[in-house]
Each structure stands twice: as C-alpha cells, then as structure tokens.
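This report refers to the structure that appears directly beneath it.
The values are calculated or read from the model by the stated rules, or taken from the named source; none is laboratory data. Values in this document were obtained by computation on a predicted structure and should not be read as measured data. Using ideal geometry, Cβ is built from the backbone for each residue, glycine included, and neighbour counts are taken over all protein chains shown. These accessible areas exclude ligands, DNA and RNA; they are computed on the full protein's heavy atoms, side chains included. Shrake-Rupley method; radii C 1.70, N 1.55, O 1.52, S 1.80 Å.
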Amino acid sequence: MSASPNLLAVEGLRKSYGGVHAVQGVSFSLEAGEILALIGPNGAGKSTCFNMLNGQIKPDGGTIHLKGEAIAGLPPRLICRRGVGRTFQITATFASMSVRENVQTALSTFAGQDRRLFGLATRQHRHEADGLLDHVGLLAQADRPCAELAYGDLKRLELAVALSGKPALLLMDEPTAGMAPRERIALMRFTASMARAQGIGVLFTEHDMDIVFEHADRVMVLNRGEVIAVGTPETVRRDPRVRTTYLGEGLVYARPVEGGAP
Amino acid sequence: MSFYVAQFLTGLAEASSLFLVACGLSIIFGVTRIVNFAHGAFYMLGAYIAYTLAERFSGAIGFWGSLLTAAIIVAMLGALVETVLLRRIYHAPELFQLLATFGLTLMVEDLAVIIWGPEDLVGPRAPGFKGAVMILGQAVPSYDLLLIVLGPLVFGLLWMLFHKTRFGVLVRAATQDREMVAALGVNQRWLFTGVFALGIFLAALGGALQISRDAVNHTMDLRIIVETFVVVVIGGLGSVGGAFLAALIVAEFNAFGILIFPGISMILMFIIMALVLIVRPYGLLGRLEAPTRAVIAAAIVWAPLSSAGRIAVAAIVVAVALMPFGVGDYWLTVGSEILIFVLFAASLQFLMSTGGLVSFGHAAFFGLGAYGAALAVKDLGLPLLPALACGTTLGCAGAVVIGWFCVRLSGVYFAMLTLAFAQIVYSVAFQWTDVTGGDNGMLGVWPDAWAASPHTFFWLALAVALGGVVLLRMIVFSPFGYRLRAVRDSALRAEATGINRMTTQWAALIIAGTFAGLAGALFAFLKGSVFPDSLGVSTSVDGLVMVLLGGIGTISGSVLGAVVYKALSIFLVSQTDYSKLVLGAVIVGLVVVFPGGLGGITARFSRLRPVLGPAPPARPESLG
Amino acid sequence: MKRQIGEIFIGAIFLGCVAASPARALEGEVKIGEVNSYSALPAFTEPYRKGWQLAVEDVNAHGGINGKTLVVISKDDAGKPAGAVTAANELVSRDGVVMLAGGFFSNIGLALADFAKQKHVLYLAGEPLTDAMVWSSGNRDTFRLRPSNYMQAAMLADDAAKLPAKRWATVAPNYEYGQSAVAVFKKLLSAKRPDIEWVTSQWPPQGKIDAGPVVQAIAAAKPDAILNVEFGPDLVKLVREGNTRGLFTDRAVVSFLTGEPEYLDALKDEAPEGWIVTGYPWYGIHTPEHDAFLKAYQDKYHDHPRLGSVVGYTLIHAAADILRKAPSTDTDALIAAAEGISFDTPFGPASFRAIDHQSTLGAFVGTTTVKDGAGQMTKFDYRDGAKYMPSDDEVKTLRIQK
C-alpha cells in the first residue's frame, strides 16, 4: 500500500427502503488499475451499491472517498465530473443521435463546451470520438443512428461514452449481459487491458462467473446487503459461505444469465 | 358556526360533481396514456342528451332514467370514438391523441349548436329534490345532499370494480405496467375500449347530473375541462382516490376562499395546483410515472439542411419577401400574423421536440411579450424597436421565473405546472386593471410610421420570424442543442455524463420563452392592442396544435403546422360560422391520415425510394 | 434532405393558394362591414343578425342609400379581439367597406374602436356596454348605440334609491363589465342615499360561478337588497341556487339586463319574482314603431325578437341614415353626418350625441314575474337614454379627447 489514499474507499455504506436493509455496512477499497467484481444473488444489494457510488441514490450512512475526497451524497453529475464513469444494467444512450454524436456530446460536456449556443456540434471532437469508437470496435458504425444498434453494440457505445470523460474509476453494471460469448470475452479483455494501461479502477457486477473469475483481480461477494467475502478469485471460490449462499453445491461455472438483460 | 357547516356541505356537493368528471379522466389516462381533451365535450353531450330525454319523460323514473340513459348513450359514443379514431393512433407519438381529441372537441361544440340551438337550456328540477333541507338553521338544497352521497358512492363502486372484478384488476395492472398486461395475453384492445367507455360514462353522468342545477350550453365543455385536468393532476394521474381528495380540496378551498378573498376564485385552484406540484411533484397520491415512450421515435438522425435544402429555403424566402408586390394589404396583414405564429410555434417546438418538454402554458411568454411591448409603448412612450426589445425581455424574464419552478417536474406534471403559471399570469393581466386595463386590454399599440404600412410590417415580421427560426435551428445543432437532446433522450445517461438536467432544461425554457416573447411583442403591434386572451389557454393550445400538426419528430415542422393551421383558421372564420366544425374535422382527418404530422408526409415518400445508403430498418411510425 | 425540401414547398404552395382571389367593388353598392361573435355567442348574435338582415331588406325596399343598394358584409370574430381586428382589416382593406359596425363583448368593441381610429374608418358599435367605448377610450371615429353601463346603472339606481333597503350586497362577474357596473351603481346609489351600507361583494369568475358557496356567502352578510350583474348560464345557476336556498325571499334584487329575453327566456318558470331589471318586454310594448317592427320580424322569422334583434335592426337603420345624410362616403363626411343625427328606432326616436358619440337609445325598466310558465317583465316603462347621462362637463373630463 502506498501512502497516497486509495482510488476508492467505501466505509460502512448503508441504505434501507422502508424496513428492508438493502445495503448494510458495506466497506471496501479499490486501487487504480485494479478490477474488482461485485457478485451476489439477485436482490443482494449490488445495484443499490452501484447507484450509491455514482450518486443516483443517496446513502443513509457511511462514507465514500474518491482519491481522498468525500463524494457520498453528491448528485451523479458532480460525481461524474470527479472522475467516475459508469454503464447501466439496461443501456442508457442518446437514442436520437448517431453513434458518433453520442460520444461527441459526452466529449463536449467534459470539455465544458456544452453551453455554446452556436457552432456545429458535429464538427467538434470528431477525431477524438472516432478514436474512442475505434477502441470499442464501433468505428464502422459511427454514422448509424444509435437507435438501430444491436444490444451488444449499445453496451460498447455506453463504454465509449463512459470513457470519454477519462474516468479514474469505471463502474460497469453487468457490462456483458445480452452479448454473445465471443463478444463478452473481447469486451472484457479490452476493458482489462485499458484499465491496466491507463490505471483506471474498474468495479463491475456480473452474473457470468466465467467472466468474473477470468478477469477480476479481486472478487467481493454480497449477500442480503452485507459483504460475506472479499479476495482473489481463488480464495472466494473456495470460501464455504460463498459456496452455500451463491455458487451452490460445488458449482464453479457460470449459470445462464438471469435477469440483467431486458 | 352553522353557516360554516352549510358552506362545508356546499363544498362537498361541488367536490362530488367535480370528482365524477375527474375520475373518468384519470382512469382513461392511467391506462391508455391518452390526454383526453374531449372529456369536457363528452360531459357536455351527457348534459344535452339528458336534457332532451328529461324534457320528454317526466316523473321520477323518467328523470333519473333519462340521466342514466344519456350517460350510457354517450359512453357508447365514446367507445365508438375509441375504436374508430383513437385505436388508429395509439402508436403515434405521445400527445398526438391530444390533437385528435382537441379536433373532436371543436367539432362537438359546433354540432351541439346545430343540433340543440344556441340558447341556454334549463332542464327540469330533479323530482323529489327540488327544495332545501334545514340543517342547523341553514337551508341546504336536498340535491346537494344527494350529490354528497353520490360522490363517495361512485368512489366506492369504482373501488369494488377495481378490486373485485377481473376487469378492474386488469385495469389496475395496466395502469402500473401496460406492457406486462399485454404480455399476459390480455386483449388490450378490449381493455382500452372498456376503460375509455367507462371514463366517458362517468363524464357524461357528471354532465347529466348538472341539468337541474346549471344551464346546458355549448361552452360547458371548456368550462369543465381545464378544471378537471387540474383536479386530476393535483390528485395524481391515474389515481381515483387522488382525484377524490383533490376534488374535495379544490371545492372546499373555493367554498371558504371566497369568504376571505372574493376576487381570488379565478385562480385559486391553479395556485393550489402549483403549490401541490412544487411540494409533491407527482400529485397527492400519484406515483412516479412509469417511463413512457420517448416523444421522438428516432429512426432518422437530425441533420442541418443540405445545400439543396438551403437553396430551396432561400428561394421560398425570396418568393415570400416579394409578396408585397403581388398581393393586397389584407393578405399581407394575414401573412404577418401567420409569420408571427410561425415564430411562436417554432419556439414551442424547440422546447417540445428538442427539449422533450411539453408545455401547456407557452402562451404565458407570448402574452408577456405582448404586454411588455404594450407597456413600453403606453407607459414609457418607446418606439417600435425598443418596445419589441422590452416585450422580448419580459417574455424571457417570465421564462426565467416560471422555468425555475417547472423544470423540477417532468412529463404531464411539467405541462400542467406550466399551465398553472400561465393561468396565474393570465389572471394577473385580467385583474390588475390599473396597469393592464384588465379585460378591456391595452389599446393604441400601433407601430411607428416607418413600419406602419402593411408591406413594411410584413417584411419586419418576415425578418423576425426567419431570424428566429434560423437561430433556433442553429441552437438545435449547437453543442447546447445536443446537450438538451441528451437530457431528453436519457436523463439517466446525461446526469451520469456530467450534465445538469435542470439547468439544461431551464435554459431551453428561457430560450423558448424569449422567442415566444418576441413573437408576442410583434403580435401586439400587428393588432394594435393586447388583451388577456393572448395569455390564455386557447393560445397555448393553438401553439400545441401547430407543433403536433407539423410533426413533433421534426426540427421545424411547426413552421408548416403554423402556416396551415393559422391560414386555415383565419380563412374558415372569415368564410363560415361553423369554422370549428370544419377545422376540427380537418384536424381529425389529418391525424388519421398522417400520424407523423404534416412534416411526416414527405418522409413517407422518401422512405419508398431511399437514395442515400441502405434503407433504414422497417419501423412502424418512424418519424422525420 | 428531400423530405425537408418537400415540407417547405408544401408550405409555400399553401400560402400561395390562400393569397389568391382579390376582391372588387361593384358599382351601385354601398358596403358596410359587420363583425360579431357569431360562432362564440350564437345565442346573442343570431337574433342580432336576424335584426340587421331585416333592416337591410327594409332599407333596400325603400330606395337603398340614395339609389344605391346597401350591402352588409358580415364576419365572425370567433369571440376574440385579435380575431375581430383580423376581420375588420379584411373588411376595410380587402372588401373596401365604407364603415364598420358590430361587436358584442366590450373588449372586442374596444379593439375595433382602436382599429377604426388607426385606420380612420367610422365604427358603429352595437352591443358593447363598457363606458370606456365612448369615454376613457372614446375616439372620433367610434359611435355606440346601446345604452351604456353607466346609463343602465343610472336607471336602476333611480329605482333602487326608492327601496327601503339599507344593507346592500353585490354579485358580479369578475371582469371589467362586472366591475364597472358595480362601481357606477354604487357611486350613483350612494350619492342618492348616503345612509346605505355595502356589506359584501362577490366576484365569481365569468362562466365559472360556484353558485352554492356564492349564495351562502351573500346570505351570510344578511343584506336587505342585492345588486346582480350576473348573466347567461351563471345567472341561471345563481337563480336556481338562490331560489332553493331562499336567498331572494324578503330581499329586494336589482339586476342588470335580466329582463332581456336573451336571459329571461332561459329561466322559464324558474324566473325570479319581483326583481327590478333592465330589459326588453317585447310582449308588452304597444307603440306604432314597435308594432311595425314586431310584425315584420315575426312574419319573417316566426320567432319573437330579442333585444339583440332590436340592436341589430336599429344599428343598420342608423347606419343607413348616416350614409344617406353624408354627402360622400369619406370617413370625415360620415362622422360629420353622424354627430347629432336623429334616427327612428322601435323604441322611438334617438340620436347620436355629438359630445361623446353615445346614442340616446334607452331601455325598459320593470320587475320580473312568471306568467304562463315563462319569465316576463311587468310594471315596466321606457327610460329615454338622454336623461341618464352625466352632465356635459363631466363627460368632457371623462372623455380624454384624442
């Protein structure tokens, strides 16, 4: 551990709805360039956790520090501007724009140019946008209306949009749901290499255990709003509590994806 | 004390009347998402038909039978309208049904005059409920007591229907999640028709019950419709209990409010609505709206005009600019009026199409612009151009204030809050006689000598409208325009990308309000006078119709919509007393034939022979 | 792109079609332009239209305008001032009418008056009641036929002053007409009777009266007498609620316009008893002028006239008289001819005052009753409008000459 603060440090995060404790006292940390998988059965509190991290839900208690700065309770746009990019379980893109325009819009926001009332938006950041689309393998479709994209391509587009802010931390909610197996592997490989090359911390949830154990540096298991295990994929896989609550009887391999994709 | 009890009971009776009409609207919206503008028209038909029947069949059975029969007949008419008209356009963009039902309302108003004559009709008193009952020494009409019982009774019956029958359970399920009910294999068509007929039955019953209290006349529909919307929104869309509560609150506040501020009854309920929505953005018992279909079906990505398009526009602008050499003064003045409404509609379209924000109160900015110009001329003695600037500034200032509140809401609630503010501004203009002249308006707002001739004014209007539309288009394609569309397409993604939804939409409203203010200022000089109706609901509705007619999925279809609608209505008003009937029929016809708006007409043809690149995938109701 | 170009062309063609077809004037015709709220207020404007149509036939049957045929071109204003200005502009700029006439709502009358001033065209207002028409917003080009708000208030205040009542309540629609009717009546009555007290004022929105609470609120103030300015469906609701709740029992009611058939007919057997009203008892007027009018009207339409019929009929006759008297159809000549001109009406002779361009046409004041299941006026008499005007000095200060 270096003396500098962790990229992300979460301490005692809590949220309840009515009497239901969705998340109770979750603590963890994440380093730059590290890939952390968050797994758990449906209703374990993964999405709630995610949504608290990027500000969509206000936590009831606990702290979130990004590079030493407290961000818990800030609205999503401010958290985003502090360097947190995210993708959604159900993709959220700008459906009326072309693929490239989606990325250009994000780029112009991060460049602080989105208040300009004049000048053609489509002429700005074109090169940069194409670069990002090339990275995620969408360059060939840059001019297509976003509404026509296949679901897997939408996931990639979301990633490109999330990356356009040069985030320090990337939150990916089921990034490969709805994709063909080959696409999944390609996308996660790209994510991992990018994270390591650029020092981006990645936190992702995933139902596909192959993906999780293949690509995560560490795995954190959530059950009923509590962390029941954290560690390398190997330790987690052997953890008896994880086996009973989640992975099932000696089951190590992936189940077909449940939920997630609409 | 006894007086307050009597006043309270009177309020209860009003609440019951209001509830009957409002709950029908709420049920229809909850399931079908139709903003049924024709609800008031059905209410009125209920009253007219009940009057006709009750005049023929006397006695207790005759009277009550007439009321019920009238409601059933109108409900059947409603079912007919649903199957013949609305069913064709469920997949059109949201609010397109509003346009269709608006057209229907126009038709019904004139038809009522043709069928029942123009005079107020006073129906018979209800047998057995003619007198009053003394309660604590105060005379309370027994009919009021009947209504007080009837409201909760209908509420109870509806509760039973929704909780104890399969139909009701499906209706409730559909209110929460339409797609799920469809997935369950329920015949949606049957469900929608049933719900629509039920809602109309309640509206017609509400109207029929008024024949022994009110005078049946052809303006009943508009009197009730806005009030009904307000009640439904205060209660929370789709919530019958909310409608009940809201009707109670509105009626009681009104009953007691007039004791303290007799002059306030005009806007009391709008103030209540504004307060409720600011505190509870989804109404008293409403829930967060399920994400509805996007306003825009986005198969075609917007792009600036091609060079061929620019040449075509330039050619037309030149042709229009040459009009003063070819046509007389009257047509130039009509042309100026159309151009002013082109700008007004374009400003609303910017808000609706690019911003995804539907405003029911856009007239507020138009009217503020008109009053700003008039005040500048009358009180400050300013000439034309500075007065136009004053009007524009006032429109802009109004948008700054109104927008600050409204952008906290979304969807229909946003629309209704803009309506509430527009009505509040309207009543200020209406009642602040010392400054605005009240209903008698402000007179003598004529342009300076240099712009007084119809052709100079026409060129001025052309320059302003053209400049406005071009500027608005430039903003659409600017980085801000994309930011605005980003928020419209996905507020979730936009916020997660660092965009502030509220300030973005606020800015859009300010831009739209400023251009509307400019249009209004010019309008004041065209007419030479300003009246509160420039701020009224009908001006807002006109704007809405122009945008919807032009095609909400287009960038500037409203230009076409404004030209067609305004020219047609001026022409019809000049040529016939039944302009509403013809205009309504034209609107209904256009809605059925061109569900994409007039701007979508040519899209149909272009889809047949795609020129550039591969054909877009087949997509029902795609819009251009 | 083709799509956009297509849209643009459709718009252009549409505009072009609308702009076609110019109008031309025929020799041997004198054209009057007439604007009214035909589609918005058919109940009032239909009888009015029948009235002026009868007058046009009359005029042309008796030699027209110095040998030329009188033609009235009539336009609808859709109930909006802006619509009225559009229509007036069409009449003046396109149809080439020599004068304008019409109007029902006060604000429309004012908009037309201002338009007339701007275009320097004579405007003969029929129905609009507001005092502003001839006083505060009065102008040289505008004349008004019907007895104004002030005149009706003065007639009613005369009778009201004779009542013993000391505690007065008022109920009026919340817009300029209602406000000024109440204000003038209060002023005139208080001047005659300094001892009276105004205990409550109710201002329900026009067309949206919540009659129950309003009636309760008036009753709670325990007035001896009530001034009512409500009309139309609001009046029906007020009367029904008031009757049921006993508001009018043992209370005097003075009411603007209620005696006009337009309003009284609708109430049928529920018409109030004993209200002091202004109105038009066509069934009880027995003068040669009125008999002739009534017969002609009933022969032609098989219906009884309303007050609007009289206004429409008189308006066109007065216009014809002005046109006959004027040496040319030039606006200045017409104004000169109109000022002080005397003309015959079904109510007897009247004239346009030179001082404020208000006509001296009067109204009938009487009390209401129910006869054969219908509301009627009884014990009425005709009040000549000339006697219910403020002094000329007062008029001069009221009428800021522009």
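Before moving on, here are some points about what is shown:
- In straight-distance terms, cross-link reach from residue C:162 covers every one of the lysines whose alpha-carbon lies under 24 Å from its own, apart from those fewer than eight places away in the same chain; here that gives C:186, C:187, C:192, C:222, C:379, C:387.
- For region C:132-193, the relative contact order comes to 38 percent (Cα pairs under 8 Å, sequence separation of at least 6).
- Trypsin sites (Lys or Arg not before Pro) within region B:69-134, DSSP loop, no more than 15 other Cβ atoms inside 10 Å: B:130
- Of the residues A:232, A:122, A:109, the one that moves most in a GNM of chain A with alpha-carbon contacts below 10 Å is A:122.
- Evaluated at q = 0.07 Å⁻¹: base-10 log I(q)/I(0), Debye formula over Cα of the protein assembly as shown: -0.77
- Net charge over other residues, Cβ less than 14 angstrom from the Cβ of residue A:122 (K, R count +1; D, E count -1): +2
- Rounded to whole Hz, the Karplus (6.51, -1.76, 1.60) HN-Hα couplings of region B:352-369, x for glycine and proline: 7, 7, 7, x, x, 10, 8, 10, 9, x, 5, 4, 4, 6, 4, x, 4, x
- Residue mean of other protein chain beta carbons inside 10 Å, B:113-122: 5
- Remark: accessible surface ordering of B:405, C:231, A:50 (largest first) is B:405, C:231, A:50, probe radius 1.4 Å.
- 3J(HN,Hα) along region C:320-331: 4, 4, 4, 5, 5, 6, 6, x, 9, 8, 4, 4 Hz, from the Karplus curve 6.51 cos²θ - 1.76 cosθ + 1.60 with θ = phi - 60°, whole Hz, x for Gly and Pro.
- Chain C: most fluctuating residue of C:373, C:232, C:279 per GNM, C-alpha cutoff 10 Å: C:373
- Positive minus negative residues near residue C:225 (Lys, Arg vs Asp, Glu; Cβ under 12 Å): +2
- Number of partner chain Cβ atoms within 10 Å, mean per residue of B:223-231: 1
- Per-residue shielding of B:485-491, expressed as the average number of other chain Cβ atoms within 10 Å of the residue Cβ, stands at 6.
- Karplus-based coupling profile of region C:72-81, in residue order and whole Hz: 10, 9, 10, 10, 8, 10, 6, x, 10, x, with θ = phi - 60° in 6.51 cos²θ - 1.76 cosθ + 1.60 and x standing for Gly or Pro.
- Taking amide H as placed 1.01 Å from N in the peptide plane, the amide H of residue B:551 sits under 5 Å from that of B:598, B:599, each at least 5 places away or on another chain.
- Computed per residue of the protein assembly as shown from DSSP H runs no shorter than four, each worth -39500 (n - 2.57), the mean residue ellipticity at 222 nm is -17500 deg cm²/dmol.
- Electrostatic tally near residue B:74: other residues with Cβ closer than 13 Å to its Cβ, Lys and Arg +1, Asp and Glu -1, net -2.
- Top of C:324, C:94, C:306 by mean-square fluctuation, Gaussian network on chain C, Cα under 10 Å: C:94
- Straight-distance crosslink candidates among lysines, where the alpha carbon sits under 22 Å from residue C:300 and sequence neighbours closer than 8 are dropped: C:50
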